[in-house]
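The values are calculated or read from the model by the stated rules, or taken from the named source; none is laboratory data. Quantities reported herein were computed from a predicted structural model and do not represent experimental measurements. Quick reminder, even Gly has a Cβ in these numbers, built from the backbone with ideal geometry, and neighbours come from all protein chains shown. Calculation scope for accessible area: heavy atoms of the full protein, side chains included, ligands and nucleic acids excluded. Shrake-Rupley method; radii C 1.70, N 1.55, O 1.52, S 1.80 Å.
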Amino acid sequence: MPVSEQGIFTNRYTLIPRVLIFVTREESVLLIKGAPDKRVWPNLYNGIGGHIEPGESVLEGAKREFLEETGLPLLSPWLTGIITIDTGQIPGIGMYVFSGEVGAGKLVPSEEGQLKWVSIEKLTDIPLVEDLPVLLPEVLEIPQGGIPLFAHYSYDEEQKLQIRLT
């Protein structure tokens, strides 16, 4: 099918693709604490991730982002979630969540923030990005080859995040 027949219309809802990656080791998950001067989620813990670049697949983007932010290769990644995020404007965000294994080597800090292995039992004791208390337990339960989680995020009139798991 030629590009002209792809049905791309500027009046339709569009999504910016992003990835979010969670790897575990024993009973811990690797998270990044956002740098204090970051525009978004400063001093909050989140998974590893970022934007998909033009010309790369979602999986290629996940591997690249993980390597850039940790210095380690992402091994055997599997899709654990697809989240549409309605920002109240066009475009929205399409978040692809992966789990995987981490390759050998030493964690390398990045400008994005400080990397830390956090005990899964202690996740409630640290400042997490707003959606992680709901999202993280769900995606950590999805085995390799399992059915990914589907979710929709939106914001109410007071700009409070609304999470709908489907």
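Odds and ends about this structure:
- Here the dipole of the chain is about 160 debye; that uses its Cα centre as origin and unit charges on the Cβ of Lys and Arg (positive) and Asp and Glu (negative).
- Relative contact order (percent, whole number), the chain, Cα cutoff 8 Å, 6+ residue spacing: 26 percent
- Between helix 58-70 and the chain: long-axis angle, C-alpha atoms, 0 to 90°, nearest 10: 40 degrees
- For the stretch 21-78, the dipole from Cβ point charges (+1 on Lys and Arg, -1 on Asp and Glu) about the Cα centre works out to 160 debye, to the nearest 20.
- In the context of the full set of protein chains, residues of the chain present 60 Å² of accessible surface per residue (probe radius 1.4 Å, heavy atoms only).
- The mean of 1/r over all pairs of different alpha-carbon atoms in the chain, once inverted, gives a Kirkwood hydrodynamic radius of 16.8 Å.
- Apolar share of the accessible surface for the chain: 53 percent from carbon plus sulfur atoms, 1.4 Å probe.
- Listed cross-link partners Lys33/Lys122; Lys33/Lys106; Lys63/Lys122 are compared with a 21 Å cut-off, the Cα-Cα value being larger for Lys63/Lys122.
- Over the stretch 87-166, volume per residue of the alpha carbon convex hull, in Å³: 158 Å³
- Solvent exposure ordering (accessible area, 1.4 Å, most first) of Ser154, Ser99: Ser154, Ser99
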